């Protein structure tokens, strides 16, 4: 009898049930999408923040001072230490390898073009490398995304070079011209715009710079772009002073400091540190954005809970005549309340489940269209959403059900509510 | 005369019905109003944040330092009066900091880059510099961490020479940035100029404002300073544009979602409320009210409800938005009054839409049936 009552109620009152179900579905959908976006946005924005370029730099352990003004290197080329190019793929063997978005080795040298001294920067553009079974590409195209080339990027094993736009204008060079660098001809594959000192330089594959310097395999410094976690108290502490457990926690968190530490371990005779301009501000921007999304998600959850409860309350309030009839036929308060709560819970379950699916689609759409990557939905979220939907529906209908049950059936049946 | 009295009494009757309807069924009217207020408040808060988030985040992004650099084409010094000229052209919308560089030698002949700058300004421009103590007195120097390691124990005064001229400086603090600054020694501009006679060769500017505005300012500066090169720091500008764009898009989608959800829930609530009063309308119809009058009454009621809820919701919304601003950005989010008409319009439209469906249903039903309770 009880089940039949519930079934008939859903069958006969399609309009009311549909409105209430739509309200619950929409609320649950928005809640799902917002929770998914808010939990994932830190990761998404930190990948986007990589457009600021490298946040870590590796230099040789024994190094002399840089003597560089406006990109012109005044240090004698023989001076200072070098890193070994063949050690670089080991970066992809460290603990946080999946957080490394890219790295590029740099080797600045001075060359003679038309009798004047001009800086030439040797680097990777997008060089395929492998470590164990891992295959990946390293170079400025991932670490310096703001570099724009008119023409084409040179191949990493070619003899082609890029010329900065300032230098190109000064020497009246164009894409396709050939440039004599230290009495050797190189084809210019493109003109580089970087908005930095490279605009007045020649940028060439690393091997050309090594050849000019006469040191095969030498690298002056390596820029690393890594996804990091905003630094906190723990991050700033000296790992040498930590207890073993704390040190493990520090080592296994992707702080700029701990990734720098691991880079230093991976590359022999190196010194790694964060580039504070990028690394420090990244943390600040990231925590602001995460905080904003958290607060917005809370307000959105509250608002949709209120809206859904209001809709549920109205749907329940409309049915006081029905309650009156049931009570007139001899149903007790508890049975009537149980019937309505069962209906509400059914609505919450159905609405919550459909809403979850809809919210998951929505989150995917947001991830794809805004961040060009998937926003993953944790299955754990389903019971959470169903619980929230249940609680909200319950809270929304409770007051209305109580009033309906308390109401004298005589008045209700006479329609004098 | 008679018709005027009639019209007046009709008008006052209409008003009375509106007011009494709200007062007598207080509970239901308040529930409907509350639902509308929640929707209007959320809409206001989301739209206010959407409008303001760019300004808030731009402040954070200015911590990344200069986004425009002025330099000479050949690395020479800029004319002396140029800094003042640039500063007047900024109209207080940015910070301009001069830098001058020479390669000097330490006592044992080690070449080192020495820079002159305005410490107070640099402290604001480059907030990421990790400095143990900022120089205050004349002849104080800020020493890059790698130079400090090379020069040995900290605090001991040392000599620097440039083109035969020597200056004795006291290192007061060390500087750590992870970039080229680590290998430099920084002096204050007056010390630097009286020692080397070299003026600033670079001016770094942190502009606040939209990308278009910055590009326009770059254009103005370039026209005013034809001998210099004014260029945007693309690394900073492009990344900022990317992140701001993504954040705004996320907020916009969120705003649309929550407004749609709240709006639909309000629709469900209001429809129920209007539908619930079908007996009232049946009575009105039975005692001779025209269909137009009933529709007009319903529409006026819905519109009033929508407008009142929108105004209250707007006030609640700006409080929520400014609370979020204070908690997260430690800065107030100013109320955006441009949002108010949008919220009022949306609220009235939703309320009217909620009245349309029951009206249509009521129009088809005979009053007798409703009054009989069918």
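Is the C-alpha gyration tensor of the protein assembly as shown telling us rounded, prolate or oblate? Criteria: a/c under 1.5 is rounded; beyond that, a/b larger than b/c is prolate, otherwise oblate.
Cα axes put the protein assembly as shown in the prolate bin.
Among A:152, A:66, which comes first, then next, by fewest other beta-carbon atoms within 10 Å?
Listing A:152, A:66 from fewest to most nearby Cβ atoms yields A:152, A:66.
To the nearest 10 degrees, how steep is helix A:333-371 against the longest Cα principal axis of chain A, on a 0 to 90 scale?
Approximately 20 degrees, to the nearest 10.
Please report the spacing between the Cα centers of the stretch B:65-136 and the stretch A:94-152 in Å, no decimals.
First find each Cα centre; the distance between them is then 29 Å.
Would you tell me the mean number of C-beta atoms belonging to other protein chains that fall within 10 Å of each C-beta in A:394-404, as a whole number?
Neighbouring Cβ atoms belonging to other protein chains average 0 per residue here.
What is the order of A:52, A:251, B:50, fewest Cβ neighbours within 10 Å to most?
The most exposed by this proxy come first: A:251, B:50, A:52.
Rounded, prolate or oblate: pick one for chain A, where a ≥ b ≥ c are the square roots of the eigenvalues of its C-alpha gyration tensor, a/c under 1.5 means rounded, and failing that, prolate if a/b is larger than b/c, else oblate.
It is prolate, given that a/c is not under 1.5 and a/b is the larger ratio.
Could you pull out which residues in the stretch A:208-229 have an amide N less than 17 Å from a spot 7 Å beyond the Cα of residue A:249, following the Cα-Cβ vector?
Inside the label zone: A:229.
Using only the Cα atoms of the stretch A:55-274, build the gyration tensor, take square roots of its eigenvalues as a ≥ b ≥ c, and label the shape rounded, prolate or oblate: rounded if a/c is under 1.5, else prolate if a/b is larger than b/c, else oblate.
Prolate, since a/c reaches 1.5 and a/b exceeds b/c.
Need one number: % antiparallel among DSSP beta bridges in the protein assembly as shown, to the nearest 5.
Bridges in the protein assembly as shown are about 80 percent antiparallel.
At a 10 Å Cβ-Cβ cut-off, how would you order B:265, A:252, fewest neighbours first?
A:252, B:265
Antiparallel as a % of all DSSP beta bridges within chain B, to the nearest 5?
Once the DSSP bridges in chain B are tallied, antiparallel ones form about 75 percent.
Determine the shielding of peptide A:56-62 by partner chains: average, over its residues, the number of Cβ atoms on other chains within 10 angstrom of each Cβ.
1
Over the alpha carbons of the stretch B:67-232, what is the largest minus smallest coordinate on each principal axis, giving the biggest first in Å?
Projected onto its principal axes, the Cα set of the stretch B:67-232 covers 49, 31, 25 Å.
Can you give the % of DSSP beta bridges in the stretch B:67-232 that are antiparallel, to the nearest 5?
DSSP beta bridges in the stretch B:67-232 are roughly 75 percent antiparallel.
Tell me the relative contact order for the stretch A:55-274 as a rounded percent, counting alpha carbon contacts under 8 Å between residues six or more apart.
The value is 30 percent.
Using the alpha-carbon centroid of each, what span in Å lies between the stretch A:1-68 and the stretch A:257-298?
If we compute the Cα centre of each part, the gap is 23 Å.
The numbers here are math on the coordinates, done by the rules we state, and not lab data. Remember, it's a predicted structure, so these values are computed and weren't measured experimentally. FYI the Cβ positions are ideal-geometry reconstructions off the backbone, even for glycines, and counts take in every protein chain you see.
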